[in-house]
Protein chains: 2
Amino acid sequence: MKKLTNDHRTRVTKMLIRKAFTRLLGQKPIQSISIKELCEQAGINRGTFYRHYTDLFDLLHSIEADMLADFERAIAPLIAAPDSNVNLVKLTAGVFQCLKDNSDLCTVTLGDWGDKSFALKLINIGREKCIECYSGYFKNASPQQIEYYYAFVSSGCIGLLEKWLEEGMVTPVEEIARMAEGLMLTGVGFLQKE
Amino acid sequence: MKKLTNDHRTRVTKMLIRKAFTRLLGQKPIQSISIKELCEQAGINRGTFYRHYTDLFDLLHSIEADMLADFERAIAPLIAAPDSNVNLVKLTAGVFQCLKDNSDLCTVTLGDWGDKSFALKLINIGREKCIECYSGYFKNASPQQIEYYYAFVSSGCIGLLEKWLEEGMVTPVEEIARMAEGLMLTGVGFLQKE
DNA sequence: TTCTATATTGAACACACTGTTGATTTTCTT
DNA sequence: AAGAAAATCAACAGTGTGTTCAATATAGAA
């Protein structure tokens, strides 16, 4: 684990590792994947793995961190929009679109053997922004209530997302976003529309 | 893994194993717990572990199955209530009360290193019942919409539950149940009350 | 192109955990 | 008290781990 360069070699190695890893994660939970097995799949030497990562979880977190960065970069412009007209539908749609773009990784992290806690991290990026926004709206709601509200809707969105994935993401992004917003804003009232 | 009786010995052994297991799960994720370590903590022989369980996940699922049974037994009377006046608040409160009663296990399964997917299983017990109930209410909502609704609110409830646990379950059960219901029924409208 | 730094390889190593076995001891049931 | 069943203990081969070293191969700069 010395300092390592951005060599072409290291980039290829890391890519091979990641590909094999996501492939394996599509087949079985992380706890039944061995480093030896991963390296055989990736076609790299076991020692090379240890040069880059300490263990499989280090690798997982590294992948997640990269995805997180992608995600933040993608929704930054949406969040940076003027405060007055924060278009929630657009923001939500942007988020879901970004997730769809990374659907291979999503399937892994949100799938049967995925790292559920990571999904929360993803959603929580918008947390402070949301809370701040809502606390402006609802003067008579306590901060604690808003916290609970966010806990509820963020987890709710993950559930929505999982269902979406489960169905192969056939429903258009905009419709999912509309659903998400409807559910967040009016709860069961969402079912009464039309 | 032969047939095993309900001996006093086996009950004690299993109890020791479970206690040690939940204690360890409070300290680290399951993937970094070894069977050897668990047996040392439990003060039992390693071979004895293998007589009852094949591996740590078998043990985990066994514990979860027991908790699930407890859970079902606890909310059965609430669900069996006459269909006409299904009191959602009471049902929800009952559910959360039951979870509070098993808070030690909840902390483990919902905590940092818990098995998030299990929480979903817990919540999904009420799934069919709920869907059936709602589909009666909202004639013009498609089954798919109802599915998405349930996906959203069930995950939302888990998020609420996690936050509740995080705060040490100091908020009264009834208040959490009211929150859950409010969020499920009116979404953000919940913040506008009072 | 050649040179140098560095990444990867392959082999070997001690170590730890696994899952199983058989003989022995303890404990429960009747 | 006697037989049945469970827990213990020690030992076993098998496998993955994490590290090391010398060797080989490759990238990037002069």
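Given the criteria modelled with pLDDT of 85 or more and in the same structural domain as residue B:105 (by TED's automatic domain parsing), does residue B:171 qualify? Give the steps one after another, and end with the answer.
Numbers: modelled with pLDDT of 85 or more: yes; in the same structural domain as residue B:105 (by TED's automatic domain parsing): yes.
In short, yes.
Is it the case, given these coordinates, that residue B:63 is in a helix (DSSP H, G or I), modelled with pLDDT of 85 or more, away from DNA strand C (no atom under 16 Å from the Cβ) and surrounded by 15 or more Cβ atoms within 10 Å (Cβ to Cβ)?
So residue B:63 passes the test.
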Scan region B:32-49 and tell me whether some residue there is touching a Cys at 6+ places or on another chain (Cβ under 7 Å), in the same structural domain as residue B:118 (by TED's automatic domain parsing) and assigned to a helix (DSSP H, G or I). no
Residue hits (region B:81-117; modelled with pLDDT of 70 or more and part of a loop (DSSP other than H, G, I, E, B)) are B:102
Taking first residues from region A:8-37 that are on the phi < 0 side of the Ramachandran plot and second residues anywhere that are in a helix (DSSP H, G or I) and aromatic (Phe, Trp, Tyr), the pairs with Cβ under 6 Å that are 6 or more apart or on different chains are A:35/A:49
The residue that is surrounded by the fewest Cβ atoms within 10 Å (Cβ to Cβ), considering only those in region B:139-162 that are at the interface with another protein chain (Cβ under 8 Å from one of its Cβ atoms) and outside any helix (DSSP H, G or I), is B:140
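Out of everything in region B:26-51 that is within 14 Å of chain A (Cβ to nearest Cβ) and among the aliphatic types (A, V, I, L, M), what residue ends up being nearest to DNA strand D (Cβ to nearest atom)?
Filtering region B:26-51 for residues that are within 14 Å of chain A (Cβ to nearest Cβ) and among the aliphatic types (A, V, I, L, M), the one nearest to DNA strand D (Cβ to nearest atom) comes out as B:35.
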| task | Please tell me if residue A:21 is touching a helix residue (DSSP H, G or I) at 6+ places or on another chain (Cβ under 7 Å) and either under 25 Å from residue A:110 (Cβ atoms) or more than 13 Å from DNA strand D (Cβ to nearest atom) (or both). | result | yes
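Starting from residues that are facing another protein chain (nearest Cβ under 7 Å) and over 12 Å from residue A:144 (Cβ atoms), keep the ones in region B:163-186 and report whichever is surrounded by the most Cβ atoms within 10 Å (Cβ to Cβ).
The extreme case among them is B:183.
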When region A:52-79 is checked residue by residue, the ones that are of a type in the set (A, V, I, L, M, F, W, C) and within 14 Å of chain B (Cβ to nearest Cβ) are A:56, A:57, A:59, A:60
Going through region B:21-56 in order, the residues found to be modelled with pLDDT of 95 or more, small (Gly, Ala, Ser) and closer than 29 Å to residue A:35 by Cβ are B:34, B:42, B:47
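The values are calculated or read from the model by the stated rules, or taken from the named source; none is laboratory data. Note that the structure is predicted; figures quoted are calculated from it, not measured. When we count neighbours, we look across all protein chains shown, and the Cβ atoms used for this are built from the backbone with ideal geometry, even at glycine.
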